[in-house]
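> I have a structure here, written as structure tokens, and I will follow up with some questions on it.
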Amino acid sequence: MKIEIAIENFLKYIKSELNYSDLTKISYEEDLITYKDYLMLHHYNYLNMNKSDVINYLKYLDELKFSNKTISRHLSTLRSFYNYLVEIKVLNDNLYRRIKNPKVPKKLPNYLSIIEVDEIIESIEEKDKNDIRNKCIFELLYSSGIRVSEASNIKLNDIDLNNMTIKVLGKGNKERIVFFGLPCKNILEKYLNVRNEFIKKPINYLFINKLGGQLSRESIEYIIDKIIKESKVNHKISPHTLRHTFATHLLDNGADLKSVQEMLGHENLNTTEIYTHVSNERLRNTYLACHPNKKRQ
């Protein structure tokens, strides 16, 4: 099987069978095209690679000035691709499962203080249906810690107002239940009262755009960016910052790491552990500021 056909079949597989997002599919496709072009240029057979060949490819990515994080992503893509080839019995073994990722320095996630969250929420007026919807989006992202893509895909029947829970569909088509607080419930009820003003034909998605269709992930990101820019908080913040803030505030107030992992929908606990570094750094700063050691020098 030619590599072009194998890649095409693999991309169809992750979309139809694994229900990966369009964004993930595009990322995989770009990585695999880079890989295919390299193999063809150097006359490698993708079905007959050895460890030395793989190391040469990683050196090539390094020569392109790719970061260790990007190289790790390429390796992850290739592991998935070769897992697929093993699954369809084109290969007996996945060499890439034995290749370690380069070390990636952990970057502490950016997050908001509780005061900053309050300032941003208070800056959002409720003059019309758009303001109410946008405030609801901001509150929901902070209150539940869901991803922007998950918020876009919420349907009305996913919401349980009485128990203040929402069923969301996360990465890998995995469902989980997330929670929201009373401030979020209050603005959500306000939004549900004006939601009909957006509707032009029956639609089950929670968040609606001005044309009456599903509010896209890109539109939600734009809304959050606009809210932040119009607030008094002026350091660099992305829509994903609200997810970081959710996790950090939970841990700072005594939540255990396993619970936060489940609420965020992380498959691996290591992904969640980065937030403990944020909390530990805050504890360290408090210790240095408050302990009388410095007075005893």
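The values are calculated or read from the model by the stated rules, or taken from the named source; none is laboratory data. Remember, it's a predicted structure, so these values are computed and weren't measured experimentally. All Cβ positions, even for glycine, are placed from backbone atoms using ideal geometry, and neighbour counts span all protein chains on display.
> Return the only residue of K127, K103 being basic (K, R) and within 25 Å of N270 (Cβ to Cβ).
Just one listed residue meets the conditions, K103.
> Tally the residues that are assigned to a loop (DSSP other than H, G, I, E, B) and either without any contact (Cβ under 8 Å) to a residue 60 or more places away in the chain or within 21 Å of I224 (Cα to Cα) (or both), restricting the search to region 148-205.
Within region 148-205, residues that are assigned to a loop (DSSP other than H, G, I, E, B) and either without any contact (Cβ under 8 Å) to a residue 60 or more places away in the chain or within 21 Å of I224 (Cα to Cα) (or both) number 16.
> Say whether the condition of being of a type in the set (V, I, T), surrounded by fewer than 17 Cβ atoms within 10 Å (Cβ to Cβ) and touching a helix residue (DSSP H, G or I) at 6+ places or on another chain (Cβ under 8 Å) is met by at least one residue in region 185-198.
yes
> With respect to H266, determine if the residue is within 19 Å of N110 (Cβ to Cβ) and free of Cβ contacts under 8 Å to residues at least 24 places away in the same chain.
yes
> List every residue pair whose Cβ atoms sit under 6 Å apart, with the two residues 6 or more apart in sequence or on different chains, where the first one lies in region 29-58 and is over 23 Å from I14 (Cβ atoms) and the second, anywhere, is part of a loop (DSSP other than H, G, I, E, B).
Correct list of pairs: D53/Y44.
> Now for a different question. Evaluate region 264-272: report whether one residue or more is hydroxyl-bearing (S, T, Y), more than 25 Å from I120 (Cα to Cα) and at pLDDT below 85.
Yes.
> Still on this structure: All but one of (1) at pLDDT below 85; (2) part of a helix (DSSP H, G or I); (3) over 17 Å from Y111 (Cα atoms) hold for S279, so report the exception by its number.
Among (1) at pLDDT below 85; (2) part of a helix (DSSP H, G or I); (3) over 17 Å from Y111 (Cα atoms), S279 violates only (3).
> Next up: Name the pairs: first residue in region 110-132 and of a type in the set (S, T, Y), second residue loosely packed, with under 15 Cβ neighbours inside 10 Å and not in a helix (DSSP H, G or I), Cβ to Cβ under 9 Å, at least 6 apart or on different chains?
S123/K232
> Sticking with this structure for a sec: Do you know which residues across region 1-29 are in a loop (DSSP other than H, G, I, E, B), in contact with a helix residue (DSSP H, G or I) (Cβ under 6 Å, 6 or more places away or on another chain) and surrounded by fewer than 16 Cβ atoms within 10 Å (Cβ to Cβ)?
Once the filter is applied, which keeps residues that are in a loop (DSSP other than H, G, I, E, B), in contact with a helix residue (DSSP H, G or I) (Cβ under 6 Å, 6 or more places away or on another chain) and surrounded by fewer than 16 Cβ atoms within 10 Å (Cβ to Cβ), region 1-29 yields only N19.
> For region 210-260, what are the residues that are farther than 28 Å from N196 by Cα, among the hydrophobic types (A, V, I, L, M, F, W, C), out of contact with any Phe, Trp or Tyr (no Cβ under 8 Å at 6 or more places or on another chain) and crowded, with 20+ Cβ neighbours inside 10 Å?
The answer is I237, and nothing else.
> Another one. Run K69 past the list (1) modelled with pLDDT of 90 or more; (2) outside any loop (DSSP other than H, G, I, E, B); (3) exposed (fewer than 15 other Cβ atoms within 10 Å of the Cβ) and report the number of the one that doesn't hold.
(1)
> A further question follows. Does D93 satisfy the condition of being closer than 26 Å to H240 by Cα, over 22 Å from the mean Cα position of the chain (by Cα) and without any contact (Cβ under 8 Å) to a residue 24 or more places away in the chain?
The answer is no for D93.
> Another question about this same structure. Determine which single condition F207 fails, assuming it passes every other condition in (1) more than 18 Å from I166 (Cβ to Cβ); (2) surrounded by 15 or more Cβ atoms within 10 Å (Cβ to Cβ).
Going through (1) more than 18 Å from I166 (Cβ to Cβ); (2) surrounded by 15 or more Cβ atoms within 10 Å (Cβ to Cβ) one by one, F207 breaks only (1).
> Let me ask you something else. Of the residues R97, R147, R79, which single one is among the basic types (K, R), closer than 24 Å to S27 by Cα and touching a His at 6+ places or on another chain (Cβ under 9 Å)?
Going through R97, R147, R79 in turn, the sole match is R147.
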